[in-house]
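Below is one structure, written out as structure tokens, with a few remarks after it.
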Amino acid sequence: MKTMVPGIRHCFSGHWLAVAALVFACHPVVAAKPPLDAINKVVISQHDASIKRLQDWIALPSIAAEDLNSSEGADYMARLAREAGFQTVEIIQTSGKPGVFATLDAGAKKTVGLYFMYDVKQFDPAEWSSPPLEARIIERPGVGKVMMGRGAVNQKGPQSALLAALHAIRDANESVPVNLVLVAEGEEEIGSPHIGELVLNPKVKAALGKTIGVFMPSASQSLDGQVRVSLGAKGVVELELVASGEKWGRGPAKDIHSSLKAMVDSPSWHLIKALNTLVSDDGNTITIDNYPVAPPISAEDRAMVAAATARSSEETFKKQIGVKHWIDDLDWQAANERLVSQPTVNIEGLFGGYTGPGGKTVLPHKAVAKIDMRLVPGMKMEDAVSALKAHLAKRGFGDIEVNVSGGYDPTSTRADSELIQAQMRVLKGAGLDPVMWPRNAGSYPGFVFTEAPLSLASGHFGLGHGSGAHAPDEYFLIESSNPAVRGYDGAVLSYVEYLYELAR
């Protein structure tokens, strides 16, 4: 329904019909107020259906690392997009897992990109207090009613809330205020090794080229209601280092009795000695020869960190993650400066030989270290991997296999971009006082949007709360016990508000 703009006067004398044809060229357009109240009523009426949609999605885990349900996950993602109103939906094959490409043409002046992932992390049900695929609604003290399940917050919960926003806009008999281009991948949790094949597919690239930027749905509120607007993310490299008697030419070709260690080399110790050369004695400084150097933290980033940490609780965060000390016993601000500005080499897992109950006296023939390396702007994945391989070879560990499974460069977006400024306006309009944050310490493949040839703004947006990504008891908030933190319906409405703000 069209609304007449009040207060328009003729900008030149003459017949009104002539003026009517030109009046908007003479005066700025005053946008009609978005029909948020009407849409919110639909959001509330569709609550149960939206929750059931999310539960059904969680019940189908697509786990790239286990080659589990990738085709099924892509099919399901495509179905969700069609049901939400995307007119064209296509499954794009890559050299790895398939992706999904969809467009929604609302006849709007602006087009916005969406980045989704349909894959989730692995899980061990024995570690969970609630079955990870049942997505039960449970009461969490101090939080409210949450949906607990693998993928609940990373990222099916926030993504389902955005899809619910599209359902609500349509069922309120309104048009989506912007055109949408959706890309969804199934390999984010293994480092997005084929994201370029999906995003730079000619038809996908052409569609994204018409957008003002790309955002990923997220649950950005902490339990006290605060919100940070992030301007980027670290890059990541995921790899395995494998030491084996076969490749080394020393040690056994199969597991043997441990008594033979007196006369046989150990691939396990060989790997451990190699790992020890990668970092300083305390494990906190990278010592790989010719490794790309991180630039010093900028004054602008330091100011952002100072503003954000002044408004956050160190004690609460330490309790949340189960930590008593920061590296070098740094203070709260210095620890956060290090968080956003420093690269890392981390051991995700270390295994070889027997790991079951009791002992088993064997000398393992192989040992594996799963490694992730985080990168900050100014560093490149290719340079980091090359330096690691050269370092191992130089130090006498050239036999150790470096098996890269995925990864990508860091990403950054300007604070004055339209995508980011619209977020700030929505958040402030909701009575929140957001702070800028230089970059997430975690990673997502935003580089494929922000770097050439697309060179778009990219970020995260979404109110609501969740926690436990990659861990047991992952959850997404459904009904909040804190009025300052939005539950599921409030998260849905935040996407409605953002889409309308982006359309302005």
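Read-outs: derived from the displayed coordinates by stated rules, not from any lab. Because the structure is a prediction, the values reported are computed rather than measured. Cβ coordinates were reconstructed from backbone atoms using ideal geometry, including for glycine residues, and neighbour counts include every protein chain displayed.
Counting charges near residue 370 (Lys, Arg +1; Asp, Glu -1) among other residues having Cβ under 15 Å from its Cβ returns a value of -4. Packing here is the average count of other Cβ atoms within 10 Å per residue, and on that basis the peptides 201-212, 288-299, highest first, run 201-212, 288-299. Taking Lys and Arg as +1 and Asp and Glu as -1, the other residues whose beta-carbon sits under 13 Å from that of residue 343 total +2.
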